[in-house]
Amino acid sequence: MQFKYSNFLIIEDEGLNICIDPTRNSINNSIALVSHAHTDHFCNLSKTTYTTKETQELLISILPNPKFYFRDLEINKQIDLTKNIKLTPLDSGHILGSCMFKFDIENKSILYTSDFNSNPSLTSKSAKPVYSDILFIESTFGKKIFDFKERGSLYYTLSNDIKKDLDDGKFIVLGGYSLGKNQEIISFINQYLGVVPLVDSTTFKFSEIYNKYGKNLKYKLLDHNIYFSNILIMPLSLINKDFLNSLRLQLRKPVSSYIMTGWNFSRGSRLVHISDHSDYKSLIDFVDKVNPKIVYTMHGFSKEFARNINNELGIVAKPISEINQKSLLDFI
Ligand SMILES: [Zn+2]
Ligand SMILES: [Zn+2]
């Protein structure tokens, strides 16, 4: 058995390449495992692809001509991936259908988190750490400066700010990533303000799939009906000063805009640090609870996070680009 890294992790077992979140399609004799439907975790594969039903539906909605041969994964249900490898998908708390991969190989365990959130939101449960010998963990917010407030208090403060804006006669625009964050924002607006917001077509498409899986979101597609609601939810990439100005002119009222992301860019809007990823202290806490013998960090601040794991927890940690067959096999 061999572990390889070339933009994504590959486990080679008796000639079969198990590609995890592969972003290219050119590996011979391979199968794919796709953790979730964000575009940095898959490509249009014409090969056997293991993923959850929810992710399958999201992938089909994203790609005009999907080529996958899907095999179903179910959260918490173990399958035999090969003669030597058992796979258990675990909820990663990131977006609809997202999962972590736990591998059991000859009495040793390996956890691959992909993108995960160990704090629950209105639309996702939390990712739960499980003991593993080897941990592959994302490090999107792997620097100490990424310190997010507790979600409940963020929802509370934000709902008060929006209520005040509405009392002042303002129109509200909220923006996040159209898959994951915007469904959380819809749920937040429904539950904290009792309002049915307008949404753009991309957010609409993904929200329909959320509702198919029981999320009960209430929204209306923006389609020449801007006066239907005082709240509009958009992809954050479309929110900029020109858009907000034209909206002000069209509505003839002030517009208040909010952007929800873990990053520090606001595009002239108010910034709310709500993320579908774990912040720094949640990442460290997760590693501590998994209690692995070795950690490989991937995505984002992988070098800094590996150094911090080493300093704070005394656990051997390296960025995945430095994956070393020999040291890995020592632990298996
Ligand atoms: Zn993601
Ligand atoms: Zn990602």
Legend entry - Two-site FRET efficiency, ASP285 against ASP72, from Cβ-Cβ distance with R₀ of 30 Å, rounded to 0.05: 0.40
Inset, instruction - Treating cross-link reach as a plain straight distance, find the lysines whose alpha-carbon is under 18 Å from the alpha-carbon of LYS128, omitting any fewer than eight places away in the same chain. - result: LYS77, LYS102, LYS281, LYS289
Inset, instruction - Report the full-extension gain for the segment ASP168 to GLU304: residue separation times 0.36 nm, less the Cα-Cα distance, to one decimal in nm. - result: 44.5 nm
Inset, instruction - Take the Cβ-Cβ distance between TYR192 and SER6 as r, set R0 to 45 Å, and report the resulting FRET efficiency rounded to the nearest 0.05. - result: 0.50
Inset, instruction - Compute the long axis of helix 280-290 from its Cα atoms, compare it with the longest principal axis of the Cα atoms of the chain, and write down the angle in degrees, 0 to 90, nearest 10. - result: 30 degrees
Inset, instruction - Compare the peptides 176-184, 143-151 by average per-residue count of other Cβ atoms within 10 angstrom and give them in order, highest first. - result: 176-184, 143-151
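Using per-residue counts of other Cβ atoms within 10 Å, averaged over each peptide, order 67-79, 83-95 from highest down.
Values: 67-79: 14.2, 83-95: 20.2.
The packing order, highest mean first, is 83-95, 67-79.
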Inset, instruction - For LYS86 and GLU322, compute 0.36 nm times the residue count separating them, minus their Cα-Cα distance, and round to one decimal in nm. - result: 82.4 nm
Inset, instruction - Show which aspartates and glutamates lie in cross-link reach of LYS83 when reach means a straight Cα distance below 14 angstrom and same-chain residues fewer than eight apart are skipped. - result: GLU12, ASP13, GLU14, ASP104, GLU106
Legend entry - Between helix 53-62 and the chain: long-axis angle, C-alpha atoms, 0 to 90°, nearest 10: 60 degrees
Legend entry - Relative contact order of the chain, pairs being alpha-carbon contacts under 8 Å that are 6 or more residues apart, as %: 16 percent
Legend entry - In sequence order, calculated HN-Hα J values of the stretch 25-33 (Karplus, 6.51, -1.76, 1.60; Hz; x Gly/Pro): 10, 9, 8, 6, 6, 9, 10, 10, 10
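When every alpha-carbon pair in the chain is counted, what percent end up more than 26 Å apart?
Above the 26 Å cut-off, the chain has 50 percent of its Cα pairs.
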Inset, instruction - Return the long-range amide H neighbours of LEU271 (sequence gap of 5 or more, or a different chain), with a cut-off of under 5 Å between placed amide H atoms. - result: ILE259
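If we count other beta carbons within 10 Å of each Cβ, what is the order of HIS36, HIS273, fewest first?
With the fewest neighbours first, HIS36, HIS273 line up as HIS273, HIS36.
So if each residue of separation counts as 0.36 nm, and I subtract the Cα-Cα distance between ASP242 and LYS149, what length gain in nm does that give?
Using 0.36 nm per residue and subtracting the Cα-Cα distance, I get 30.4 nm.
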Legend entry - Within straight-line cross-link reach of LYS67, lysines at Cα separation under 24 Å, skipping those fewer than 8 residues along the same chain: LYS47, LYS53, LYS205, LYS212
Inset, instruction - Could you work out the relative contact order of the stretch 151-272, using alpha carbon pairs under 8 angstrom and six or more residues apart, expressed as a whole percent? - result: 32 percent
Inset, instruction - Extending each Cα 7 Å along its Cβ direction at GLU14 and ASN160, get the distance between those two points in nm, one decimal. - result: 6.2 nm
Inset, instruction - Give the angle, between 0 and 90 degrees and rounded to the nearest 10, that separates the Cα long axis of helix 201-212 from the longest principal axis of the Cα atoms of the chain. - result: 60 degrees
Legend entry - Label point distance in nm, ARG24-TYR227, each placed 7 Å from Cα along Cα→Cβ: 5.5 nm
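Bear in mind that the values in this text are calculations on the coordinates, not laboratory data. On a predicted model such as this, the values are computed, not experimentally measured, just so you know. Counting neighbours? That spans all protein chains shown, and the Cβs are built from the backbone with ideal geometry, glycine included.
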